[in-house]
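Reading through the structure tokens given below for one structure.
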Amino acid sequence: MKKILISLLALTMALPSMGQGDVYEKSKTYEWPTDPQVVDKLKNWQDLKFGVLMHWGVYSVPGMVESWAICDEDWVTRDTTMTYQQYKEWYWGLADKFNPVKFNPDQWASVMRDAGMRYMIFTTKHHDGFCLFDSKYTDYTIARHAFRDNPKRDVLKHVLQSFRDKGFMIGEYFSKPDWHSQDYWWDVYPTKRGRNVNYDIKKWPWRWEAFKKYTYDQMEEVLTRYGKVDIFWLDGGWVCKENNQDIDLPKIATMARSHQPGLIIVDRTIHGPYENYRTPERTIPETQLDTPWESCIPLTNDWGWVPRPTWKSPAKVINTLIEVVAKGGNLVLGVGPTPEGLIEPEAVQRLEAIGRWLNKNGQALYNTTITPHYNEGRLWFTASKDGKKCYALYALPDGEQLPATLSWTGNKPKSVRLLATGRKLKAQKQGNRTTVSLPKGLKNEPIALELSL
Ligand code: GLC
């Protein structure tokens, strides 16, 4: 994160040095979509609260950070026994080793459904340009390498279908930058501009036009050949008009919504009409926000699968979800399938524990709305949409005990129940303060109270 922050900082610092005339006036505030179908879909999406963001690609084979190792920015570390050129060749060659013989998207979808997740976003193509779908416009796809003889080689189709069958809202991650494309990183020049296009677009306008067309065409493929898509999640914010890498988002959006009416478009970090929700990465906003947003946070420290990762505990994820929802957002949890094509047991076990908790307490989160007094210490509050109930959720960190009583001001209840069991709890009221004694013997995990107002 720190590295990415530094790079983002470097990018922002670089912006003022570009000719003023080139600077695109971007909105500072969130822009509500005006298309009624988009507005509706966005509202539905906001009710879901919890989703999964799945990164899968050639980087999963050695289990390393997604795509970034081939980027020549200073913060990237790589095997020092190879030259940069050799390293890139090794990386491109991973496509011939990516043969997920156990590929089982039904397992992925069952695990995520049982974890209480209700929407999904899958990497159709990451920055390295490797496509998880059978593209007409490049050979650099899973369907034309080691996995080509498998009946499920058009991976995207099977992944989306499995999740759709289980009632998920469907999202496609698509990286605007493509480091494999000769029209983005042209081998004639070194990649001295880091993550950016490596040639001068003004000098080679036809090459940039070719890149725009390639991007547009591939986007059209993933939006027409794989059934209904609800969210189009565009990563690589540096490919944008204000950074002199305009790929014509208005044109893309028109095409996209002509195929997928009401599509939620998330042109990440590019505030304006095509960022239908904001996406704070690995972080939660300081305060409640009443515009749509989603924190993306991985279950380990990495987006893709890595060997022996550092796991976040179920309680950590639940506490994060509680805070996110009380602040008005959604949480999309990063989980990377193994190079063989499964969700590994260590992940399943954690996700199951999250699901068990949500099964008992989900009513305090799904389909709720924000309430003005939303936080007091470890207590977070949400409200039912009919205004008849509030929920008080106690975020309990690992290794700590539940207190004997919970006490808060405001959100004054007529009665209080422990949501998981339905048991009525005695509430003492003193002025604006309510105090509730918790039953003895509760499991040390986050809890939810239902407050009738
Ligand atoms: C960042 C990274 C990218 C990752 C994404 C997930 O933008 O550049 O590798 O896919 O975060 O949120």
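The values are calculated or read from the model by the stated rules, or taken from the named source; none is laboratory data. Keep in mind it's a predicted model, so treat the numbers as computed, not measured. Cβ placement follows ideal geometry from the backbone for every residue including glycine, while neighbour counts extend to all protein chains displayed. When the accessible area is computed, the model is the full protein with side chains, heavy atoms only, and any ligands, DNA or RNA have been set aside. Shrake-Rupley method; radii C 1.70, N 1.55, O 1.52, S 1.80 Å.
Assorted remarks:
- SER175 being of a type in the set (Gly, Ala, Ser), away from the ligand (no atom under 16 Å from the Cβ) and open to solvent by less than 60 Å² (accessible area, probe 1.4 Å): no
- Of all residue pairs spaced 6 or more apart or on separate chains, those with beta-carbon atoms under 6 Å, a first member in the range 77-101 that is within 22 Å of TRP56 (Cα to Cα) and a second member that is of a type in the set (Val, Ile, Thr) are LYS88/ILE70; TYR91/ILE70; LEU94/VAL58; LEU94/VAL61; ALA95/VAL58; LYS97/VAL61; PHE98/VAL58; PHE98/VAL61.
- Failed item, numbered, when LEU351 is tested on (1) part of a loop (DSSP other than H, G, I, E, B); (2) away from the ligand (no atom under 16 Å from the Cβ): (1)
- For the range 213-236, the condition of being more than 16 Å from the ligand (Cβ to nearest atom), in contact with a His (Cβ under 9 Å, 6 or more places away or on another chain) and more than 22 Å from THR138 (Cα to Cα) holds for at least one residue.
- Any hit, the range 238-245, residues being within 24 Å of LYS136 (Cβ to Cβ), of a type in the set (Val, Ile, Thr) and away from the ligand (no atom under 15 Å from the Cβ): no
- Residue count, the range 59-106 (criterion: outside any loop (DSSP other than H, G, I, E, B), of a type outside the set (Lys, Arg), at pLDDT 95 or above and more than 14 Å from the ligand (Cβ to nearest atom)): 12
Residue-wise test of (1) under 13 Å from the mean Cα position of the chain (by Cα); (2) surrounded by fewer than 20 Cβ atoms within 10 Å (Cβ to Cβ); (3) of a type outside the set (Lys, Arg).
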| residue | (1), (2), (3) |
| --- | --- |
| GLY262 | no, yes, yes |
| THR283 | yes, yes, yes |
| GLU294 | yes, no, yes |
| SER313 | no, yes, yes |
| THR320 | no, yes, yes |
| GLY329 | yes, no, yes |
| VAL332 | yes, no, yes |
| GLY341 | no, no, yes |
| PRO345 | no, yes, yes |
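- Within the range 246-295, the set of residues being among the aliphatic types (A, V, I, L, M), farther than 15 Å from ILE231 by Cα and within 16 Å of the ligand (Cβ to nearest atom) comprises ILE270, ILE284.
- Verdict on GLY336 being open to solvent by 70 Å² or more (accessible area, probe 1.4 Å), of a type outside the set (S, T, N, Q) and assigned to a loop (DSSP other than H, G, I, E, B): no
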